[in-house]
Amino acid sequence: MNALAHDGTALLGRQLTRLRNNPGLLILTQTMPITMLLFFGYVLGSALAMPGAQYRAYLVPGLLVATAANGIMTGMFQAAQDVHRGVTDRLRSLPISRAAVPLGQVLADLVVTAAGMVPLLLVGLAVGWRIEGSVLGALGALGLLLLFRAAATWAGILLGLLTRNEEAAGQLGAATFLLPLLSNAYIPTEGLSGWLRTLAEWNPISALTTALRALFGNAPVPSDAAWPVAHPVAGSLLWCALILLVCAPLAVRRYARGER
């Protein structure tokens, strides 16, 4: 365990240095959610039944969750890039814990994600969103968000190790943009048809978005929704636990074995 902590910390530094040397990625991760908030909030919001300011308050938690879900894309691309360029083989030859490399990537991603939340939250406050619940509730919402980001990143790392090609990973990762669209992150699911609403409400993003809205005090929990949305905190924790229990061990095993 001590070796894992030591090696993981060292590789955390490697990942942060890697991100510092790639400012374009940092700028994109910082500005894209803000751009989407302004575009959806002022353009799409004018086409919905709810008033613009109310929709922007509704939208901020959804965009936070969509940003967390993008951990799949970043985790997949970075892992596939390391494999494709031979970095993974060189790291595997070092006397370090096999779990340290993916763990360092996850920890670095969480640091960047936490920093990236701040501008989005500030812009959200500027356009009318407010934390209307308790401080503990808001802290719990942020904790859930980071837990989901960690789970999404582990899933992305596993997919990246399976893909082994950065171009293919980039194309596949871009498809994850569709996941928040099939959820309640941007629009309510009540108006969807039966099977489509069921599919959207069993999307992990819907449970987490509902949990954030409830913990921030922005919206009540719907009682007539599918179980994960009707019990959003428990549903979010279960989804995160399931993803972590499946993806983290498989990603470490895949990295250690180095299969082609």
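For residues that are in contact (Cβ under 8 Å) with a residue 24 or more places away in the chain, part of a helix (DSSP H, G or I) and among the aliphatic types (A, V, I, L, M), tally how many sit in the range 187-213.
The number of residues fulfilling the criteria is 5.
Specify which of the listed residues (I72, I96, I27) is modelled with pLDDT of 85 or more and out of contact with any strand residue (DSSP E or B) (no Cβ under 6 Å at 6 or more places or on another chain).
Criteria check complete, one pass: I72.
Could you grab me the full set of residues in the range 214-233 that are touching a helix residue (DSSP H, G or I) at 6+ places or on another chain (Cβ under 8 Å) and in a helix (DSSP H, G or I)?
Scanning the range 214-233 gives A214, L215, F216, W227, P228, V229, P232, V233.
Is there a residue being hydrophobic (A, V, I, L, M, F, W, C), out of contact with any helix residue (DSSP H, G or I) (no Cβ under 7 Å at 6 or more places or on another chain) and under 18 Å from V65 (Cβ atoms) anywhere in the range 246-260?
no
With the condition kept exactly as written, say whether any residue in the range 155-176 is within 22 Å of V221 (Cα to Cα), under 16 Å from the mean Cα position of the chain (by Cα) and aliphatic (A, V, I, L, M).
No: zero hits.
If I filter the range 139-149 down to residues being buried (at least 21 other Cβ atoms within 10 Å of the Cβ), of a type in the set (A, V, I, L, M, F, W, C) and within 21 Å of L245 (Cα to Cα), which single residue comes out as farthest from the chain's Cα centre (by Cα)?
Residue satisfying both the conditions and the ranking: L144.
Scan A141, A155 and give me the residue that is within 23 Å of G104 (Cβ to Cβ) and not hydroxyl-bearing (S, T, Y).
Step by step, each of A141, A155 is checked, and only A155 is within 23 Å of G104 (Cβ to Cβ) and not hydroxyl-bearing (S, T, Y).
For residues in the range 111-121 being out of contact with any helix residue (DSSP H, G or I) (no Cβ under 6 Å at 6 or more places or on another chain) and under 16 Å from A141 (Cβ atoms), which is modelled with the highest pLDDT?
Looking at the filtered set, the residue picked out is L121.
Among the residues of the range 214-227, are any in contact (Cβ under 8 Å) with a residue 40 or more places away in the chain, loosely packed, with under 14 Cβ neighbours inside 10 Å and charged (D, E, K, R)?
no
The values are calculated or read from the model by the stated rules, or taken from the named source; none is laboratory data. Remember, it's a predicted structure, so these values are computed and weren't measured experimentally. A quick note on method: Cβ atoms are made from the backbone with ideal geometry, for glycine too, and the neighbour counts reach across all protein chains shown.
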